[in-house]
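Below you'll find the structure, written out as structure tokens, and then a few comments.
The values are calculated or read from the model by the stated rules, or taken from the named source; none is laboratory data. It should be emphasised that the depicted structure is a prediction, and the values quoted were computed from it without experimental measurement. Cβ sites come from the backbone with ideal geometry, for glycine too, and all protein chains shown count toward neighbours. Quick note on the areas: whole protein, heavy atoms, side chains included, nothing else; ligands and nucleic acids left out. Shrake-Rupley method; radii C 1.70, N 1.55, O 1.52, S 1.80 Å.
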Amino acid sequence: QVQLVESGGGLVQAGGSLRLSCAASGSIFKINTMGWYRQAPGERRELVALITSGGGITYGGSAKGRFTISRDSAKNTVYLQMNSLKPEDTAVYLCNADVQSSRYYVGYDYWGQGTQVTVSP
């Protein structure tokens, strides 16, 4: 089994910054994709950013120009640096990873518990 643990959420004022971290642990052979989604109450979950094993990065429209995703492969950890935060960024941010647990298995999707980000006006 694989576990994802997020940290770094909190309350900030508009224009401020936060850095989220997500550490994967457990049976990990290869992380194919790792990234962040967010979900506000009553809203659909949306992509924030993701990074592939090859280093390819995809940003959701709301993140472009303000957020930066990065990784530390040795620690199985992905980061999301969020700058110029806006009230509309308020949401639960969930870590997601497509993990191959062994050389014999295909990748499987895992989710963290989520970390709350609140941006005050």
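Observations on the structure shown:
- The residues Phe67, Phe29, sorted by heavy-atom accessible surface at 1.4 Å with ligands and nucleic acids left out, run Phe29, Phe67 from largest to smallest.
- Taking only Cα atoms of the chain, radius of gyration then Dmax in Å: 14.1, 50
- The string of couplings for the range 35-41 from the Karplus curve (6.51, -1.76, 1.60, θ = phi - 60°) is x, 10, 10, 9, 8, 8, x Hz, one whole number per residue in order, with x for Gly and Pro.
- Extending 7 Å from the Cα toward the beta-carbon at both Gln13 and Ala40 defines two label points whose distance is 2.1 nm.
- Note on surface exposure: Val12, Val92, Val106, Val99 rank Val106, Val92, Val12, Val99 by accessible area, highest first, 1.4 Å probe.
- Glu88/Ile28 FRET efficiency (R0 30 Å; Cβ-Cβ; nearest 0.05): 0.30
- Computing Rg and the Kirkwood Rh from the Cα coordinates of the range 38-109 gives a ratio, Rg/Rh, of 1.01.
- The range 68-110: trypsin sites (Lys or Arg not before Pro) in DSSP coil with no more than 15 other Cβ atoms inside 10 Å: Arg103
- Largest mean-square fluctuation among Gln39, Gln100, Gln13, in a Gaussian network model of the chain whose springs join Cα atoms under 10 Å apart, belongs to Gln13.
- The range 27-61 versus the range 101-121: alpha-carbon centroid distance in Å: 8 Å
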